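For reference, the structure discussed in these notes is given below.
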Amino acid sequence: MAKLTKDDIKKVADLIKIHIPEEELDNYLSQLETALDPVNDFEELDTKGVAITSQTIGTKNINRKDEVKPSLSQRDALLNGKNIKNGYFTVQQVINDGN
Amino acid sequence: MMETKGLTIAKAKEAFSKGEYTSQELLNAHINKISELDNKLHAFVDTTFEQAAESLEVTGKPLSGIPASIKDNFNWKGTKTTASSNILKNYISPYNATVTERLIENGGCLVGKTNMDAFAHGSSTETSDFFTTLNPYNEEHVAGGSSGGSAVAVATGMSVYAIGSETAGSVRGPASWCGVYGFTPTYGRISRYGVIAMGSSLDRPGVFTNNVEDAALLLDLLSGKDERDATSIQEPAMDTASNLDATLTGKRIGIPKQYFDDRINKEVIAAIEEAIAVYKKAGAEIIELDLLDPKYSIAVYTVVQRSEVSSNLARIDGIRYGHYSDIEAETILDQISYNRGEGFGNEAKQRSMTGAYTLSAGYYDAYYKKAQQVRTLIIEDFAKAFTKVDLILGPTMPETAPKLGVTKNNPLFGELADVLTEPSALAGLPCISIPVGYDSKGLPIGMQLIGNQFAEQDVLNAAYGYQQLTI
């Protein structure tokens, strides 16, 4: 069984920017350990020199012409944002003012 | 009132041409069926009766006037597309998925969007952020998932056919547990463009139907190269429906002994053995196969799928779309973190975290790389098997539909339930689940046929052969 710590859970939640309240860390710790359990079976298989698969059907380098085509209108692209101003998504200030 | 249950596309078209009923009457009958059943079964997240009625204005197309439904992870312009998740509860699609577009072009009459495990993370619909879809054969049991709503819609006559998607067994599984046909073609055969992504190297759109002919017709209409999905197979649309051939004589059918061992329910095995006898009697050659233990697929699937989930769900930030938290965050990163923390359910969080962990520095080689290598071994194992046989046959699921509540405190329910569909999903193979009988509790049992990559016609033909001998 994979051995994880509460700190691992905190770190990983921070990496993927999902807020997990302190009191839920233990619950996720146990879920992640269970989820990783089947991985122990890998030890039974020899994979020395075996190539990795990231694409199953052998499709390679599909290119298309770089042509401008109609796409989402500004209105449609902004349709689902909560904070919209002058045709932009508004967010917290990202670049500080030097103070 | 006409009965909609068990209806097929061909039967409905015949009735239209004979003047037995009109498309408007057929649509009304489906709307009535939904009103009658869905308060209880919860197959639909949302109904789209207005759009369905509008579609009737276009006549003479292959799917004109045939009421159908589509899983709620397919974008459909102007409708809510939630993937049964709270974080996308109010998301309105600004564009169509390729599948939706092709359905509409072909006259598709869509009555609603169907319930699923949120983001397709599950095999029961119990992890839908909204509600659980019940099994129509016994409402104390799950419908299966993740495309559970689609399976129930077809099983009960709330739709003639339905669209689903499969990452491990999300079409075959609920089809098996609800007693309908569930067909998923080779990876890349039907475009993934506009389908809310779960595991991108695994996701495949598929269909639920009441017979093989409808599955073939839908494959023909939905397949074909799509330049908006770079992984789509670079071939034109298929032409399988007009080439269906029920001949079973001489077909080499492989029976993997690992799919029939003591992990599989005895009643399920008995039903599949009866089906094998049908093939044998019709002249098929039955060949015992020795495949890699499917338990390795559980491990590979867990790692690959969760890694891809962690990457795919990272696009949802609550800024451009999705739930926006009321907590006043100081930085944009904190804001995104709160949006996701409130919006994602347990399963999405758990899978994203597991995936990020298996991809992170120090663990990548032991988890992700190793899983990708074992995936190669699984693909090679199938390739070797297909030098000896034309098709592989086995149970779709190790047991019939379990009782409600089965997924509680079980973060691996989906992976374990899908043990017999994961190997072929990892290899991207075309496959179909066929209803073959019932257990002693009256719950449906499904048999799956798996073909080699690109061999959709072989899979459909062998399924058609069985169907013709058993209806």
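The values are calculated or read from the model by the stated rules, or taken from the named source; none is laboratory data. Just so we're clear, the structure is a prediction, and the values are computed from it rather than from any experiment. Methodologically, a virtual Cβ is constructed for each residue, glycine included, from the backbone with ideal geometry; neighbour enumeration extends over all protein chains shown. Just the protein is used for accessible areas: all its heavy atoms, side chains included, with ligands, DNA and RNA removed. Shrake-Rupley method; radii C 1.70, N 1.55, O 1.52, S 1.80 Å.
Would you work out the charge dipole size for chain A about its Cα centre, treating the Cβ of every Lys and Arg as +1 and the Cβ of every Asp and Glu as -1, and quote it to the nearest 20 debye? The calculation lands at about 940 debye. Summarising the strand pairing of chain B, around 70 percent of its internal DSSP beta bridges are antiparallel. Under a model in which nothing but the beta-carbon of Lys, Arg (+1) and Asp, Glu (-1) is charged, segment B:230-296 shows a dipole of about 100 debye around its Cα centre. A:Asp8 contributes an accessible area of around 40 Å² to the protein surface, as traced by a 1.4 Å probe with all chains present. Peptides B:276-286, B:178-188, B:440-450 ranked from most to least packed give B:178-188, B:440-450, B:276-286, packing being the mean of other C-beta atoms within 10 angstrom over each peptide's residues. Share of carbon and sulfur in the accessible area of segment B:9-247 stands at 46%, probe radius 1.4 Å.
Between A:Leu32, A:Leu79, A:Leu15, the Gaussian network model of chain A with springs among Cα atoms under 10 angstrom shows the greatest mean-square fluctuation at A:Leu79.
A Förster radius of 30 Å combined with the Cβ-Cβ distance from A:Asp7 to A:Glu43 puts the calculated FRET efficiency at roughly 0.70.
Positive end of the dipole of the protein assembly as shown (Cβ unit charges, origin at the Cα centre): among A:Pro70, B:Leu426, B:Ser223, the Cα lying farthest that way belongs to A:Pro70. Too long at a 21 Å Cα-Cα cut-off: which of B:Lys40/B:Lys403; B:Lys80/B:Lys403; A:Lys3/B:Lys370; B:Lys89/B:Lys113; A:Lys3/B:Lys408; B:Lys266/B:Lys408? B:Lys80/B:Lys403; A:Lys3/B:Lys408; B:Lys266/B:Lys408, as the Cα separations exceed 21 Å there. Return the whole-Å distance between the Cα centroid of segment B:96-149 and the Cα centroid of segment A:6-34. A separation of 30 Å, based on Cα centres. Listed peptides B:375-382, B:242-249 appear in the order B:375-382, B:242-249 once ranked by packing, highest mean of other Cβ atoms within 10 Å at the front. Between A:Lys85 and B:Asp261, the modelled labels are 6.3 nm apart [label points 7 Å from Cα along Cα→Cβ]. Projecting the Cα atoms of B:Ala155, A:Asn40, B:Leu412 onto the charge dipole of the protein assembly as shown, computed from C-beta unit charges around the Cα centre, puts B:Ala155 farthest toward the positive end.
The long axis of helix A:25-36 is offset from the longest Cα principal axis of chain A by roughly 60 degrees. If R0 is taken as 25 Å, the Cβ-Cβ distance between B:Ile327 and B:Ala361 corresponds to a FRET efficiency of 0.25. First check a/c for segment B:1-141, with a ≥ b ≥ c the square roots of the eigenvalues of its C-alpha gyration tensor; if it is under 1.5, answer rounded, and if not, answer prolate when a/b is larger than b/c or oblate otherwise. Cα axes put segment B:1-141 in the oblate bin.
Shape class of the protein assembly as shown from the alpha-carbon gyration tensor: oblate, with a/c at 1.5 or above and b/c at least as large as a/b. Charge tally around A:Lys17: other residues with Cβ under 10 Å, Lys/Arg +1 each, Asp/Glu -1 each, net -2. Placing +1 on the Cβ of every Lys and Arg and -1 on the Cβ of every Asp and Glu, with nothing else charged, gives chain B a dipole about its Cα centre of roughly 360 debye. Peptides B:425-438, B:391-404 ranked from most to least packed give B:425-438, B:391-404, packing being the mean of other C-beta atoms within 10 angstrom over each peptide's residues. Per residue of peptide B:304-313, the mean number of Cβ atoms on other chains within 10 Å of the residue Cβ is 1. Annotation: B:Arg263 carries an accessible surface of approximately 110 Å², with a 1.4 Å probe and no ligand, DNA or RNA atoms counted. Buried surface between chains A and B: roughly 5300 Å² of accessible area, summed over both sides, computed with a 1.4 Å probe on protein heavy atoms only.
Annotation for segment B:2-102: GluC sites (Glu not before Pro) lying in DSSP loop with at most 10 further Cβ atoms inside 10 Å of their Cβ are B:Glu3, B:Glu57. Each stretch of four or more DSSP H residues adds -39500 (n - 2.57); spread over every residue of chain B, this sum gives -11500 deg cm²/dmol at 222 nm. Look at the stretch B:332-342: the mean tally of other chain Cβ atoms within 10 Å of its residues' Cβ atoms is 5.
Among rounded, prolate and oblate, which fits segment B:58-179 when a ≥ b ≥ c are the square roots of the eigenvalues of its C-alpha gyration tensor, a/c under 1.5 means rounded, and a/b larger than b/c means prolate? It comes out oblate by the Cα gyration axes. Each of A:Thr56, A:Gln93, A:Ser30 was placed along the dipole of chain A (beta-carbon charges, centred on the mean Cα), and the one lying farthest toward the positive end is A:Gln93. Counts of other chain beta carbons within 10 angstrom of each beta carbon in peptide A:45-52 average 5.
As an exercise, use a Förster radius of 30 Å and the Cβ-Cβ distance of A:Ile62 and A:Leu15 to find the FRET efficiency, rounded to the nearest 0.05. The value I calculate is 0.45.
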